[in-house]
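The values are calculated or read from the model by the stated rules, or taken from the named source; none is laboratory data. Because the structure is predicted, anything quoted here is derived from the model rather than measured. Using ideal geometry, Cβ is built from the backbone for each residue, glycine included, and neighbour counts are taken over all protein chains shown. All accessible areas refer to the heavy atoms of the entire protein, side chains included, with ligands and DNA or RNA removed. Shrake-Rupley method; radii C 1.70, N 1.55, O 1.52, S 1.80 Å.
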Amino acid sequence: MKLDAMEHPLAKNQTPRIVLQITLSLIVLATIPLCYPLLGYPLFLLKNSSNNSSDHSPSSHDSREGLIRELQREKRCDIFAGEWVPNPEAPYYTNTTCWAIHEHQNCMKYGRPDTDFMKWRWKPDGCDIPIFNPAQFLQIVRGKSLAFVGDSVARNQMQSLICLLSRVEYPVDVSYTPDERFKRWKYTTYNFTLAIYWTPHLVKAKEADSNGPTHTGLFNLYLDEFDEEWTTQMEDFDYIVISAGHWFFRPMVFYEDNQVVGCRYCLKDNVTDLPMSYGYRKAFRTAFKAINSLENFKGITFLRTFAPSHFENGLWNEGGNCVRTKPFRSNETALEGIDFELYMTQLEEFKNAEKQGNKRGLKFRLLDTTLATLLRPDGHPSRYGHLKNENVTLYNDCVHWCLPGPIDTWSDFLLDMLKMEGIRSYNDEKPHSKDKKNDV
């Protein structure tokens, strides 16, 4: 069913003005110190790193703290560290104006009684970040393409972006397959392509048992093998947003060089139970290796960091739920336990991949959503992802995010980062312009 887009003041007949505004903004911003972090490692990690790491050896602690401090020196303001503040103007779309919302994240349709969870914005410490401007985003990505690579939270993020952009234009479905896991959309006015590639483990994986030891499936992960469903499709994209996380909480058997090397929760005789971070680290290492090995890829890879779930009073499959109606303040909670371990594992593998990519001139950027989402226990569907009396087997959902909702802010981050890429390009070109002038 086709719905009319919401009217937006920048949607019609303002392309020249937008281009001029963006150009002037880039010139002005290029003359002042950048406040965007090259790699946003939040300061809160410094006070938590010694307490939360599962590896308490001095060498591990020192190397991790050294990594964080090194990256802190590279920036003036961290847009990813801050607080949620009220925003009475939100939301900027609704479930009746955007058709892209997945049923299980359509919280208002299914009777969520409160609305305050939609009325917050992210305020970084020491600087500010503008609310997402859909017309500006589409101008920046004109003629380009962006792929989301990951699981259903990656799809959740893509659908949030489609809804935010719907105030200017709806995309056309140009998918090359009827498979819903691999959708492709095109914004024809802007020649911008948006795609999702379903790969919950990032590497080659097979479901070995649909039930498994915990009744959530058992998966064989081939940790050193590319998942060619997505890796063979990436060369033509300008931007890749890669993420993964929650599927690694399920039972897995780990393979390397086609040999079983261990497992997680598999309960198999004579198979060593390894930490969850073992498979998680190897999967990201292989995924980044796949990107760095693409001969014709010249784009930018964004790692969207782990978004913690918010189950309370039980695990996800043991009655846990998320019923809070307000965000946390940053001093009211902390990233800890396995969430902290997975986050640090991502950062370490990201940094290593970036060093390898730099040798080929490839760019890696950190889209660090972890702290902002950690503070939003109120943003999940809980039981409002289906009709109350519907005959379905669904757990309370404290993993995905209501739309509209907190993850709309992930697009604020992404747009800010794309604008900073423009500033970097402008600054990189300035010396060449000077040289040419001197040669005349």
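Quick notes on this one:
- Selected residue (criterion: modelled with the highest pLDDT) from residues of the stretch 369-397 that are surrounded by fewer than 21 Cβ atoms within 10 Å (Cβ to Cβ) and in contact with a helix residue (DSSP H, G or I) (Cβ under 8 Å, 6 or more places away or on another chain): 386
- So residue 83, is it assigned to a strand (DSSP E or B) and open to solvent by 10 Å² or more (accessible area, probe 1.4 Å): yes
- Residues of the stretch 355-376 that are assigned to a helix (DSSP H, G or I) and either within 17 Å of the chain's Cα centre (by Cα) or of a type in the set (A, V, I, L, M, F, W, C) (or both): 370, 371, 372, 373, 374.
- All of (1) over 22 Å from residue 358 (Cα atoms); (2) open to solvent by less than 70 Å² (accessible area, probe 1.4 Å); (3) assigned to a loop (DSSP other than H, G, I, E, B) hold for residue 235 with one exception: (1).
- In the stretch 257-298, residue least open to solvent (accessible area, probe 1.4 Å) [restricted to those that are acidic (Asp, Glu) and touching a strand residue (DSSP E or B) at 6+ places or on another chain (Cβ under 7 Å)]: 273
- Inclusion of residue 314 among residues that are within 28 Å of residue 115 (Cβ to Cβ), open to solvent by less than 40 Å² (accessible area, probe 1.4 Å) and at pLDDT below 95 is warranted.
- Among the conditions (1) open to solvent by less than 60 Å² (accessible area, probe 1.4 Å); (2) in contact (Cβ under 8 Å) with a residue 60 or more places away in the chain, the only one that residue 205 does not satisfy is (2).
- Residue tally, condition under 22 Å from residue 342 (Cα atoms), under 19 Å from the mean Cα position of the chain (by Cα) and not in a helix (DSSP H, G or I), over the stretch 238-277: 6
- Cross-chain or 6+ apart pairs with Cβ under 6 Å, the stretch 330-356 first and open to solvent by 20 Å² or more (accessible area, probe 1.4 Å), then of a type outside the set (A, V, I, L, M, F, W, C) and assigned to a helix (DSSP H, G or I): 334/48; 336/52; 356/292
- Counted residues, the stretch 148-173 - those being open to solvent by 10 Å² or more (accessible area, probe 1.4 Å) and either over 13 Å from residue 190 (Cβ atoms) or not hydroxyl-bearing (Ser, Thr, Tyr) (or both): 9
- Set side by side, the residues 249, 219, 254 differ, and just one is open to solvent by 50 Å² or more (accessible area, probe 1.4 Å) and either of a type in the set (Ser, Thr, Tyr) or farther than 27 Å from residue 192 by Cβ (or both), which is 249.
- Some residue of the stretch 152-163 being in contact (Cβ under 8 Å) with a residue 40 or more places away in the chain, of a type outside the set (Ser, Thr, Tyr) and outside any helix (DSSP H, G or I): no
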